[in-house]
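One structure is given here, and the rest of the page talks about it.
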Amino acid sequence: MDSFVGQAVDNVLENPDECWQPTDFLPDMSKENALDEVRLLRERASGIPDTVITSLVGNMITEEALPSYQTYFNLLEGINVEGSLLSNRGWVRWSRAWTAEENRHGDLLNKYLYLSGRADMKKVEQTIHRLIYNGFDPKSENDPYQAMIYTSFQERATKISHVNTGKLADAAGDNVLSRICKTIAGDEARHEKAYKSFMAEIFKLDPAGAVLAFEKMMRKQIVMPAVLMGEGGSNPTLFDQFSAITQKIGIYTSWDYARIIDHLVKLWKVESIGGLTDVAAKAQDYLSTLAGRYMRIADRAKVPDEVSLVWLK
């Protein structure tokens, strides 16, 4: 797998000197007309509903916790056996290059929100600080199989969230924010494709182990990376409130969760894998009906009440 992942670094991820950077979407503060550009940004942002701004803040906070994610990746069994972040192993190169690309997302959204004047940035910064302070536990037990399933799921979920935020920004008249969200979603789509290909290779090499890992991960449910954003603080239910807003306005919903399960089960052809052990076959049966179960839950889900968060001005 190491050489397979190394090829993904070279073929899927981008050269830092050639890919987009946050400044491509923001006012150039070195120019004489910079303040005019900021004024136009603020005018566009003024029409965006509070709920969409809240979703944008939550997305940004998730992206800003990247130090935790790189640490997590390098602690997985077999990923960084030398214990060196300078290693040339494919997996370690991937962890560096992937998080470097992801780092642009938080930088861009943070600067946009700062310039827009729509968010209480002190409260936002406190939430970012607390999330990184609290750490990150996707419940994958340091198992690389479960981790690849988690990241395949999570990258797709993040892509959906950014795409839908972009659509709502566009509807509110901010075509620049729409372009920002869609560009970030494009990155997430590339990363999603890579992680799904890693897991597809694992299914080829160890089908029983892959099925069992998939079942384990889904029985625990996929927790979002920002789940600990309020833990230990004055508002411990902060993440639940944020999730309620994204559910209410269609940014990321129970239906999306169910559809991602369905997509991954079909992509990895879980239902048609043969020659499994009895235990793995039972896991296969569980996975084959899981999306339908979640779709029925989504059908019955109650629309959340109105929620307002401390992140808004």
Task: Label zone at VAL176 (point 7 Å along Cα-to-Cβ), backbone N below 14 Å, region 99-131 - done: 108-118
Open item on the list: What distance in nm separates the two pseudo spin-label positions at TYR114 and SER272, each 7 Å out from Cα along the beta-carbon direction?
Closed with: 5.1 nm
Open item on the list: For Cα pairs less than 8 Å apart in space and 6+ apart in sequence, what is the mean separation divided by the residue count of region 167-283, i.e. the relative contact order in percent?
Closed with: 25 percent
Task: Equivalent ellipsoid semi-axes, the chain, via Cα gyration tensor eigenvalues times 5, rooted, Å - done: 34, 24, 17
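Explain nothing, just the number: relative contact order of region 28-172, from Cα pairs under 8 Å at least 6 residues apart, as a whole percent. Please list the in-between numbers first.
Details: 98 pairs, mean separation 51.9, N = 145.
Normalised by residue count, the contact order of region 28-172 is 36 percent.
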Open item on the list: Quick check on the exposure proxy: order ILE297, ILE260 from fewest to most C-beta atoms within 10 angstrom.
Closed with: ILE297, ILE260
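Taking the Cα centre of the chain as origin, work out the dipole magnitude from +1 charges on Lys and Arg Cβ and -1 charges on Asp and Glu Cβ, in debye rounded to 20. Don't skip to the answer; put the middle values down first.
Details: 36 positive and 43 negative charges, 162 e Å.
For this selection, approximately 780 debye.
Where in the chain are the helices, taken as whole DSSP H runs, whose Cα atoms extend 27 angstrom or more along the long axis and whose Kyte-Doolittle mean reaches at least -0.5? Kindly include the intermediate steps, with their values, before the conclusion.
Working: long enough: 90-116 (40 Å, -0.87); 144-171 (40 Å, -0.44); 175-205 (45 Å, -0.22); 278-300 (33 Å, -0.38).
Taking the DSSP H segments of the chain (at least 27 Å long, mean hydropathy at least -0.5), we get 144-171, 175-205, 278-300.
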Task: Charge-dipole axis of region 47-300 as Lys and Arg at +1 and Asp and Glu at -1 on Cβ define it, positive-most pick from PHE73, SER178, SER55 - done: SER178
Open item on the list: Taking the number of other C-beta atoms within 10 Å as the exposure measure, put ARG96, ARG39 in order starting with the fewest.
Closed with: ARG39, ARG96
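Could you list HIS162, HIS129 so that the one with the fewest beta carbons within 10 Å of its beta carbon is first and the one with the most is last?
By the 10 Å Cβ count, ascending, the order reads HIS129, HIS162.
Expressed in nm to one decimal, what extension gain is obtained for the pair MET1 and VAL310 from 0.36 nm per residue of sequence separation less their Cα-Cα distance? Working shown, then result.
Numbers: separation 309, 0.36 × 309 = 111.24 nm, distance 4.45 nm.
106.8 nm is the gain from fully extending MET1 to VAL310.
Any read-out appearing in this document is the output of simple, stated calculations on the displayed coordinates, not a laboratory observation. Just so you know, these numbers come straight off a predicted model, no measurement behind them. Note that each Cβ is placed from the backbone with ideal geometry, even for glycine, and that neighbours are counted across all protein chains shown.
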